[in-house]
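Working notes, beginning with the structure itself.
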Amino acid sequence: GDNVIVIAGDLINLKGRVTLAMFASPTVLVKPLGVGEIKGDISIAIVKLIKYFEVGDYVKVQAGEHKGDVGYVVKVNPGAENKWTAHATARVLSSSLAKEFEAR
């Protein structure tokens, strides 16, 4: 599943991996990463989640000007005040075009 981060609510900044997503469901099951005190998967509303990327991740752009382009994340900009938001972007070094571009 996708790596995600919680951007709203009590679990803000929790990083995890989606383990189950049901079609048309408002929630997904997420396995928390790097948190020892939370055991098992938790249900989180999809409106509170965004995809989470780190430098070195290999990604494929899903929409927009660079749709279909693939490459490695070389820089991540979480958003205003360095807090993760829905406006987070990643600078990607394209595998096929030998150039960098920014994607959200």
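The values are calculated or read from the model by the stated rules, or taken from the named source; none is laboratory data. What you see is a predicted model, and the numbers here were worked out from it, not measured in a lab. Neighbour counts are summed over all protein chains in view; Cβ atoms, including those assigned to glycine, are modelled from backbone coordinates with ideal geometry. Each accessible area value is taken on the protein alone, full model and side chains, heavy atoms only, with ligands, DNA and RNA left out. Shrake-Rupley method; radii C 1.70, N 1.55, O 1.52, S 1.80 Å.
Observations, loosely collected:
- Note on segment 35-94: residues that are of a type outside the set (Lys, Arg) and part of a loop (DSSP other than H, G, I, E, B) total 27.
- All positions within segment 1-32 that are under 12 Å from residue 48 (Cβ atoms) and part of a loop (DSSP other than H, G, I, E, B): 7, 8, 9, 10, 11, 12, 13, 14, 26
- Yes/no for residue 88 being of a type in the set (A, V, I, L, M) and under 12 Å from the mean Cα position of the chain (by Cα): yes
- Unmet requirement for residue 79, which otherwise passes all of (1) without any contact (Cβ under 8 Å) to a residue 12 or more places away in the chain; (2) surrounded by 13 or more Cβ atoms within 10 Å (Cβ to Cβ); (3) not assigned by the TED database to the domain that holds residue 96: (3)
- Matching residues in segment 1-37 - criterion: being touching a Lys or Arg at 6+ places or on another chain (Cβ under 9 Å), open to solvent by less than 50 Å² (accessible area, probe 1.4 Å) and farther than 20 Å from residue 89 by Cβ: 9, 16, 18, 30, 32, 35
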